[in-house]
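**Student:** Quick one: this structure, given as structure tokens, is what I'll be asking you about.
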Amino acid sequence: MDDNQSRTAVIEDGRTPSTRTVDVLVVGAGFAGLYAVYKFRQLGFTVRAFEAGEAIGGTWYWNRYPGARCDVPSLEYSYSFSPELEQEWEWSEFFPAQDEIERYLNYVADRFDLRRDVQLCTTVVGMSFDECAKTWHVDTDLDDKWEARFVVMATGCLSVPVVPKLEGMSSFEGKVIQTSRWPSDVDLDGARIALVGTGSSGVQITPELAQIAKHLYVFQRSAAFSWPSKNAPMDPAIQAAVKQQYRDVRLAQRSSPGGVSGFGGVPILDVPRPDKRILAASENELLDALDEYGFGACRVWDDVASDPQANERAVELYRQMVHRVVTNTDTAESLSPRGYPIGCKRPVLDNGYFQAFNRDNVTLIDLRLEPIERVTKAGIQTSARHIEIDVLVLATGFDAMTGALTRVDIRGPNGQKLRDELREGCIALLGLQFSGYPNLFTITGPGSPSVLSNMVPGIEHHIEWISECLVYLRERGLKSIESTATAQNEWAEEVQRAAIGTMYVADTCNSWYLGANIPGKKRVFLPYIGGFGRYVTVCQEVVDGGYAGFRTS
Ligand code: NA7
């Protein structure tokens, strides 16, 4: 970083001509990778981002399935680093759809001339740290070699899809499409479609597929908790008002529990603040709440989040609401969640999910009653029948938070592999850095609020923290920084402690936050739930303490 030009020249002059050098190598070109390029470049570091996709956008490039939409208000799910950008960009809907976010990111890339430092269609496959040179050696699938003093993994939290092992899948003669790898040129009009998976992706795509399919079969393993998103076209008055007070909005985000300021409103939260106990409520009060707030009724009581008995009472209310909406009693019963609490998995926001099951061309297959035996060349054989289909859509989730890190062969100075440590449930100090892997940073990694808060402020905060750290090192002539094992372990304990008593870690809860959707993945609660605001304070205290918990050299 001190004199990159001459280092590059020396290297190209003789020893390893194909090795190229930058100060900071970034993996990924979504929200995080793009801002990293902007920020590090602005501070005078040379930077190169590698992106496996054919275009920028990360999550919002890959997840182009019909109905894909963010569950954070658009005015808040946006960069804060440029006041000009904040004013220029006009959001068209309250919750932004995939294509609008992708357009936004492309606009940002052009607006700040970021593309020249982003290399597309390139997968980083491995990296090892040279202790003497304090440098990472990085390999890509193009067989080119890079050296970088610092590596920033901007690889996303939900970027490695889970492909279920369904017997006979290779014999299927129709199309198989993963929602997170949705092709741009597919036409499903009039097709017989099987959809497997009813998390956010499955719930969002169901009403869309229902409108075009000859018949849609939704294969459900667990019933989802989903709430009507109440999405609407952007109100110009709200957009103008938020733009006028964007600095306050951003400050409020950084001190809030979830990285959302609430300026401009959040329609889904249009219920009174929970301040009463559901266990103390009468049957009439419950019914009144259901009449008034519908699916939102279960959010009105404050003991639901912490008391399993109260939670079950709220789930029962939720089930009653499903029965009110879905006309077929058996289908409604299958769509009614059982066996795990509200607040265990990420809540889903939908746009007519339950209503879709009232259509004649939509059938729910409850896998608890009718499991899949195998996929055949023409369809799916369940324990009860053979269903002929043309297309199999998989909305079966991701190896969340650590999947993209374990896919790269990352080796520390002694040859130790990060993927082995992640398998054991290792959590990064502040979700930013793993002990034993100097100069390697993770954006919104395990141990940070990450997926529990608004990702964009979380990403910006991490990149700004890392940039400040790199400047600190540069100003002092230091070449490396590494979290200590002690500090990392203490933080990992704090991350687990913070989740105790929440439904996220209830005995009956099996979610991707806990790695429970991946066979063999250690059950550890990966994100930090102590609140984004509190986390920002902790990170600042570490800096103020001269990078307490980190070792520099
Ligand atoms: P999720 O939320 O992990 O959902 C995956 C769904 O796929 C879920 O319903 C799973 O059932 C189901 N699944 C997974 N494997 C199978 C098999 N083998 N058979 C049947 N069903 C299966 O992923 P999404 O993509 O929907 O959402 C991920 C996040 O993206 C979301 O939380 C938002 O933050 C955005 P299960 O519940 O495990 O029984």
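The values are calculated or read from the model by the stated rules, or taken from the named source; none is laboratory data. Predicted model only: the values in this text are computed from it and were never measured. All Cβ positions, glycine included, derive from the backbone under ideal geometry; neighbour counts span all protein chains shown. These area figures cover heavy atoms from the full protein model, side chains too; ligands, DNA and RNA do not enter into them. Shrake-Rupley method; radii C 1.70, N 1.55, O 1.52, S 1.80 Å.
**Student:** Could you list which residues have their amide H under 5 Å from that of ASP350, counting only those 5 or more apart in sequence or on another chain, with H placed in the peptide plane?
**Tutor:** TRP227, SER229
**Student:** Can you send over the carbon and sulfur percentage of the accessible area for the chain, probe radius 1.4 Å, protein chains only?
**Tutor:** Numbers: 11180 of 22770 Å².
Using a 1.4 Å probe with all protein chains present, the chain comes out at 49 percent carbon and sulfur.
**Student:** Taking just the alpha-carbon atoms of region 422-547, what radius of gyration and Dmax come out, in angstrom?
**Tutor:** 14.9, 51
**Student:** Using the Karplus curve 6.51 cos²θ - 1.76 cosθ + 1.60 with θ = phi - 60°, work out ³J(HN,Hα) for each residue of region 106-111 in order, rounded to whole Hz, and write x for Gly and Pro.
**Tutor:** 5, 4, 4, 4, 6, 4
**Student:** Give the shape of the chain as rounded, prolate or oblate, defined through the alpha-carbon gyration tensor: a ≥ b ≥ c are the square roots of its eigenvalues, a/c under 1.5 means rounded, and otherwise the shape is prolate if a/b is larger than b/c and oblate if not.
**Tutor:** Working: a/c = 1.76, a/b = 1.47, b/c = 1.20.
Prolate is the answer for the chain, as a/c is 1.5 or above and a/b outweighs b/c.
**Student:** Treating the angle as unsigned and between 0 and 90°, give the value, to the nearest 10°, between the Cα long axis of helix 31-42 and the longest Cα principal axis of the chain.
**Tutor:** 20 degrees
**Student:** If you don't mind, another one. Calculate how many DSSP beta bridges within the chain are antiparallel, expressed in % of all such bridges and rounded to the nearest 5.
**Tutor:** Numbers: 24 of 67 bridges.
Antiparallel bridges make up about 35 percent of those DSSP assigns within the chain.
**Student:** Note the full-extension length gain between ASP330 and ALA516 as 0.36 nm times their separation in residues minus their Cα-Cα distance, in nm to one decimal. Present the calculation step by step, with values, prior to reporting the outcome.
**Tutor:** Numbers: separation 186, 0.36 × 186 = 66.96 nm, distance 2.84 nm.
Stretched fully, the ASP330-ALA516 segment lengthens by 64.1 nm.
**Student:** Which value in nm describes the separation of the simple spin-label points at GLU131 and MET169, placed 7 Å from the Cα toward the beta carbon?
**Tutor:** Output for this residue pair reads 4.2 nm.
**Student:** Return the FRET efficiency for the residue pair PHE81, THR19: r is the Cβ-Cβ distance, R0 is 35 Å, and the value is rounded to the nearest 0.05. Please list the in-between numbers first.
**Tutor:** Working: r = 32 Å, r/R0 = 0.91.
Computed FRET efficiency for PHE81 and THR19 comes out at 0.65.
**Student:** Next question. Given 0.36 nm per residue, what is the gain on full extension from THR537 to ILE238 after removing their alpha carbon distance, in nm?
**Tutor:** Working: separation 299, 0.36 × 299 = 107.64 nm, distance 2.98 nm.
Fully extending the segment from THR537 to ILE238 adds 104.7 nm.
**Student:** Continuing with this model, one more query. Between the helical axis of 308-325 and the dominant principal axis of the chain, each derived from Cα atoms, what acute angle in degrees is found, rounded to the nearest 10?
**Tutor:** 60 degrees
**Student:** Would you mind computing, in nm to one decimal, how far apart the modelled labels at ASP420 and ASP288 are, each placed 7 Å from Cα along Cα→Cβ?
**Tutor:** That separation, rounded to one decimal, is 6.3 nm.
**Student:** Going from most exposed to least, what order do THR46, THR140 have by accessible area with a 1.4 Å probe?
**Tutor:** Working: THR46 40, THR140 5 Å².
From most accessible down to least: THR46, THR140.
**Student:** In nm, to one decimal, how far is the ASP302 label point from the ASP409 one, both placed 7 Å along Cα→Cβ?
**Tutor:** 5.4 nm
**Student:** Right, next: Aspartates and glutamates within cross-link reach of LYS145: Cα-Cα under 13 Å, excluding same-chain residues under 8 positions apart?
**Tutor:** Answer for LYS145, where 13 Å is the Cα cut-off: GLU12, listed by chain and number.
**Student:** Using 1/(1 + (r/R0)^6) with R0 = 35 angstrom and r between the beta carbons of ALA280 and ARG221, what's the FRET efficiency to the nearest 0.05?
**Tutor:** Working: r = 35 Å, r/R0 = 0.99.
For R0 = 35 Å, the calculated efficiency reads 0.50.
**Student:** Angle check, please: helix 200-212 long axis (alpha carbons) against the longest principal axis of the chain (alpha carbons), in degrees 0 to 90, nearest 10.
**Tutor:** The angle comes out near 60 degrees.
**Student:** Please give the calculated 222 nm ellipticity per residue for the chain, where each DSSP H segment of at least 4 residues contributes -39500 (n - 2.57) and the sum is spread over every residue; nearest 500 deg cm²/dmol? Please report the intermediate quantities before stating the final value.
**Tutor:** Numbers: 17 runs with 175 residues, N = 553.
Helices in the chain give a 222 nm mean residue ellipticity of -9500 deg cm²/dmol.
**Student:** For a 20 Å ceiling on Cα separation, which of these pairs sit above it: LYS345/LYS417; LYS345/LYS522; LYS417/LYS521; LYS417/LYS479; LYS165/LYS345?
**Tutor:** Details: LYS345/LYS417 30 Å; LYS345/LYS522 17 Å; LYS417/LYS521 16 Å; LYS417/LYS479 22 Å; LYS165/LYS345 23 Å.
Over 20 Å Cα-Cα: LYS345/LYS417; LYS417/LYS479; LYS165/LYS345.
**Student:** I would also like to ask the following. With a 1.4 Å probe and all protein chains left in place, how much accessible area per residue does region 185-252 have, in Å²?
**Tutor:** Working: 2870 Å² over 68 residues.
Spelled out: the 1.4 Å probe surface of region 185-252, per residue, equals 42 Å².
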